[in-house]
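Encoded as structure tokens, the structure appears first; notes follow it.
Computed from the coordinates by the stated procedures, all read-outs in this text should not be read as laboratory data. For clarity, every value in this text was computed on a predicted model and none was experimentally measured. For neighbour counting, all protein chains shown are included, and Cβ atoms are generated from backbone atoms with ideal geometry for every residue, glycine included.
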Amino acid sequence: MANSTSAARTTATDLDAIIIGAGLSGMYQLHCLRDRLGLKATVLEAAGGVGGTWYWNRYPGARCDSESHSYCFQFSDDLLNEWEWSERYPEQPEILRYMNFVADKLDLKRDIRFNTRVTGATYDEAANRWTVTTEAGDKVSAKFLITAVGCLSTANVPKIPGLETFQGKWYHTGLWPHEGVDFRGKRVAQIGTGSTGIQAAPVIAKTAGHLTVFQRTANYSVPAHNAPLSPERKKELKARIGETRRTMRSTPNGHPFTIEDRSVFDVSDEERRQIFEKQWEKGGLQFRAAFNDITTSKKANDTAAEFLKDKIRQIVKDPKTAQILADIDHPYAAKRPPIDSFYFETFNQPHVTLVDVRSDPIEAITPKGIRLKSGAEHEVDIIVFATGFDAMTGSLVKLNIKGRGGLPLAKAWEAGPRNYLGLQVAGFPNMFTITGPGSPSVLCNMPVPIEQHAEWIADCIDHMRRNGIERIEAKPESMDRWVAHVNEAANATLLPEAHHSWYLGANVPGKPRVFMPYAGGMARYKDICDEVAAKGYEGFELQRAPAMAK
Ligand code: N01
């Protein structure tokens with residue numbers, strides 16, 4: 001799978017673009033630049049293969065919450081027709097196989113340097129080039145720098161005192177060992193009940209001797225009703241490729257379903273209950289699409305929230321456990337809504353325990369396990385941290401990027417991320433961020449914003465080439481306007497009401513609290529980007545060679 005030598009074919013000095021990361025975004029960006037524009041581009045990737053998040057997140061139960069036929073590239077009918085998904089929601093190994101299939105079909109690996117971790121990137125204003133440094137000490141330079149590092153790739157292991165003294169084994173779900181973890185007969189602690197923890201717990205419980213789930217914030221979840229795709233369904237999905245693509249590109253979240261054109265109080269209580277029940281039976285993320293005001297009106301949201309809390313109380317047999325699980329403090333879908341395969345049912349098993357660490361917080365990790373503030377100690381053999389990521393900015397800041405005048409990105413974003421369209425930062429010319437903060441990214445089915453960003457960036461670079469433009473840079477005032485618009489879009493929804501969500505950076509102590517993704521919807525975002533391009537890249541400073549020399 002890995003190919004660490006082939007990128008040496010392109011010499012360090014004649015490169016047009018360096019792309020960091022070989023997940024879906026880096027792969028497609030390479031294809032757009034190399035195969036459509038004929039540029040010399042190379043991808044630098046820390047992992048030993050393609051996959052990005054799907055290379056690292058191999059935890060038990062890792063599966064995508066987007067339906068398989070929509071969690072893939074849409075730009076090529078050939079790729080869509082040739083690949084066959086096996087289940088409604090694709091499991092991590094199958095997604096990784098898909099990504100290798102695409103990389104091989106498009107012959108991408110010859111321009112990807114695997115096992116190459118980037119440790120710095122510096123812009124040289126006189127030369128108008130970016131020089132990227134790798135952990136091995138190599139230097140690679142190019143005119144354009146494109147970060148394709150994903151939004152959720154820097155693991156957040158909470159700094160709990162005593163972790164270094166723990167005598168058992170511990171793992172973070174986002175850096176899971178490739179050989180897997182043997183839970184058989186073991187006492188396992190799982191900290192975290194976000195989308196990851198909700199996927200992992202039922203699978204860990206299958207083999208663990210005992211599983212203790214430490215919950216700080218209770219969470220909603222809707223059943224995925226995952227199942228193998230029947231031959232008829234596969235045929236139907238293939239026949240409807242065009243229609244699915246059109247739906248995905250026209251909806252706010254890039255999913256292959258539309259939001260019903262009715263509001264919660266347009267219908268009677270009984271009708272609404274039946275609608276929610278039907279959505280629950282369908283399963284998946286479209287639960288929130290049953291009405292058009294669930295994500296914007298608190299009163300409307302309360303009806304969905306109550307329905308889902310009732311479901312928890314019906315499923316979980318022990319009333320005390322049910323009460324802790326259903327004691328949810330934020331509106332439904334204000335945090336990323338998980339979907340599950342028998343998560344709440346898992347707590348009906350005699351060897352699974354729930355511990356409420358909101359009322360009795362984790363104080364320390366001891367050599368034998370986890371101690372709470374009350375002094376209660378839970379002895380375990382393995383700790384699984386399903387504690388999420390330093391999302392959206394963590395992986396970008398870690399790259400140690402320095403723009404004009406040596407300005408570090410970390411400094412430019414000291415008070416929170418600021419950029420234009422989620423794509424460019426003032427002071428960092430010719431650098432583009434795919435699915436950066438300010439992009440719809442994580443509020444969408446990811447392949448949709450990824451394709452849009454990569455195509456927009458390629459078109460922009462093409463425009464520069466055809467018009468003799470050497471440098472593009474977001475204007476500071478465009479960033480101000482975009483940041484204000486991102487806030488305005490978030491404030492029109494209930495999203496900011498989940499005060500501890502990673503959308504706000506609230507899960508990482510000390511991180512500035514800024515609502516990061518663009519909540520205005522993918523279709524609207526695309527229109528804005530298209531208009532900016534049509535107006536000659538309005539809001540960007542474009543410089544031709546003579547102007548640069550002045
Ligand atoms: O991370 P999270 P995740 N003590 O940050 C808890 C995507 N994803 O990995 O809420 C105790 O959501 C924390 O508690 P709290 C998806 O976008 C996609 O689950 O901060 N608990 C929370 O319960 C998702 O949203 C798929 O109070 C601590 C949990 O850890 C994103 O990844 C599948 C703690 C972290 O939840 C991140 O999800 C899986 C502490 N010190 C994930 N620190 C797909 O299907 C943290 N927690 C595509």
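For Glu470, the residues whose amide H sits under 5 Å from its own are Gln543, Arg544, Ala545, ignoring neighbours fewer than 5 places away on the same chain, with H placed 1.01 Å from N.
Got the relative contact order for the chain handy, in percent, Cα pairs under 8 Å and 6 or more residues apart?
19 percent
Entry note, segment 178-244: relative contact order of 32 percent, from Cα contacts under 8 Å with a spacing of 6+ residues.
Here the simple spin-label model places points 7 Å from the Cα toward Cβ, and for His178 and Glu82 these points are separated by 2.5 nm. Treating each Cα of segment 130-169 as one equal point scatterer and applying the Debye formula with no solvent, the log10 of I(q)/I(0) at q = 0.23, 0.31, 0.33 Å⁻¹ comes out as -0.87, -1.07, -1.09. For segment 161-198, backbone nitrogen atoms closer than 15 Å to the point 7 Å from Thr353 Cα along Cα-to-C-beta are found at 186-191. Among 46-52, 205-211, sorting by the average number of other beta carbon atoms lying within 10 angstrom of each residue, highest first, gives 46-52, 205-211. Applying 0.36 nm per residue to the separation of Asp462 and Glu379 and subtracting their alpha-carbon distance, the gain on full extension is 23.9 nm. The peptide list 526-539, 329-342, 416-429, put in order of mean Cβ contacts within 10 Å with the highest first, becomes 416-429, 329-342, 526-539. Amide H contacts of Ile401: Ala121, Leu409, Ala410, each under 5 Å away and 5 or more positions distant or on a separate chain (H built 1.01 Å from N in the peptide plane; Pro and chain starts excluded). Taking every DSSP beta bridge that has both ends in the chain, the antiparallel portion is near 45%. Using just its DSSP H runs of length 4 or more, each adding -39500 (n - 2.57), the chain gives a mean residue ellipticity at 222 nm of -9000 deg cm²/dmol after division by all residues. Listed values for segment 221-238 are Karplus-derived 3J(HN,Hα) couplings in whole Hz (6.51 cos²θ - 1.76 cosθ + 1.60, θ = phi - 60°), namely 7, 10, x, 7, 6, 5, 6, x, 7, 6, x, 5, 5, 4, 5, 4, 5, 5, and x replaces Gly and Pro. Amide H contacts for Lys40 (H built 1.01 Å from N in the peptide plane; partners 5 or more residues away or on another chain; cut-off under 5 Å): Asp16, Ala17. With the convex hull drawn over the C-alpha atoms of the chain, the volume per residue is 151 Å³. Fewest neighbouring Cβ atoms within 10 Å first, the residues Met446, Met392 line up as Met446, Met392. By the count of other C-beta atoms within 10 Å, a proxy for reagent exposure, Lys311, Lys398 are ordered fewest to most as Lys398, Lys311.
What's the whole-number percent of alpha carbon pairs in segment 417-484 lying beyond 18 angstrom? Taking all Cα-Cα pairs of segment 417-484, the fraction more than 18 Å apart is 39 percent.
Exposure proxy for Glu260, Glu164: other Cβ atoms within 10 Å of each Cβ, ordered fewest to most, give Glu164, Glu260.
If you place +1 on the Cβ of every Lys and Arg, -1 on the Cβ of every Asp and Glu, and leave all else neutral, what size is the dipole of segment 425-549 about its Cα centre, to the nearest 20 Debye?
The dipole magnitude comes to about 240 debye.
Averaging over all projection directions, the Cα-based convex hull of segment 144-241 occupies 11.6 nm² in the image plane.
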